[in-house]
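In what follows, a structure is listed as structure tokens, so that the remarks can point back to it.
The values are calculated or read from the model by the stated rules, or taken from the named source; none is laboratory data. The shown structure was predicted, so the numbers you read here are calculated from the model rather than taken from an experiment. Using ideal geometry, Cβ is built from the backbone for each residue, glycine included, and neighbour counts are taken over all protein chains shown.
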Amino acid sequence: LADAFMPTPALRPTPAPARAAAASSSALSSLNMQDAMPRRSAFSQAAGVAAASWFAATTGAKAAATLGPAVGTTSKTESGLQYTVVTQGKGPKPRVGDLVAIRFTASYNGKEFDNTFKTQNSYYYRVGSESVIAGLDQAVRMMRVGDKWDLKIPSNLAFGDKGIKSSPGKPKIPGGAEIEYTVLLETFPGAEEEILDLNGLQE
């Protein structure tokens with residue numbers, strides 16, 4: 001009979017010290033979760049900032065790769081051609097065989113002897129042909145549509161040791177003379193489509 005009135009193990013009351021320990025453990029777990037939440041939030045924010053920085057750097061590098069030298073940059077090729085960027089274009093580069101439209105001024109010793117900026121139409125020629133002096137053609141091959149460069153062309157890429165005789169409105173250019181040009185690459189067939197593609201506007 002005594003056993004019949006004994007409470008089953010499942011119904012036995014939890015001792016007071018055990019209840020206190022359980023409550024303390026629950027409180028600690030809650031505090032640990034609360035402490036962890038700010039840390040997780042800070043980590044997420046840091047990861048987001050890092051990802052944004054990486055994306056900006058990557059897209060910036062791609063954008064820079066599509067452009068030529070910066071405005072004001074002066075460079076010299078192995079052949080001796082010197083060029084300074086006046087305006088930076090964002091279009092494509094022409095290829096050998098392309099028919100390009102350019103405008104330019106040409107001068108020797110400060111005296112201008114050619115200027116297609118003053119003419120109604122641009123000057124057209126095929127890249128890689130001998131329609132213009134070698135130094136000018138070499139520059140155009142490196143340019144992008146919209147680029148405007150100042151050139152200093154050595155005699156070996158201009159009129160050589162012979163020079164050219166004077167003609168009405170144009171001075172004599174002696175052999176061995178350095179020639180100065182300002183050239184603008186306006187466009188060439190297909191350039192418009194390539195510009196759209198570079199800007200992500202083509203499907």
(request) Considering every residue within segment 71-81, establish whether at least one is touching a strand residue (DSSP E or B) at 6+ places or on another chain (Cβ under 7 Å), surrounded by fewer than 10 Cβ atoms within 10 Å (Cβ to Cβ), modelled with pLDDT of 55 or more and under 20 Å from Trp149 (Cβ atoms). (result) yes
(request) Show the residue pairs that are 6+ apart or on different chains and have beta-carbon atoms under 8 Å apart, the first residue being within segment 174-190 and over 11 Å from Ser107 (Cα atoms), the second being of a type in the set (Phe, Trp, Tyr) and surrounded by fewer than 16 Cβ atoms within 10 Å (Cβ to Cβ). (result) Leu184/Phe117
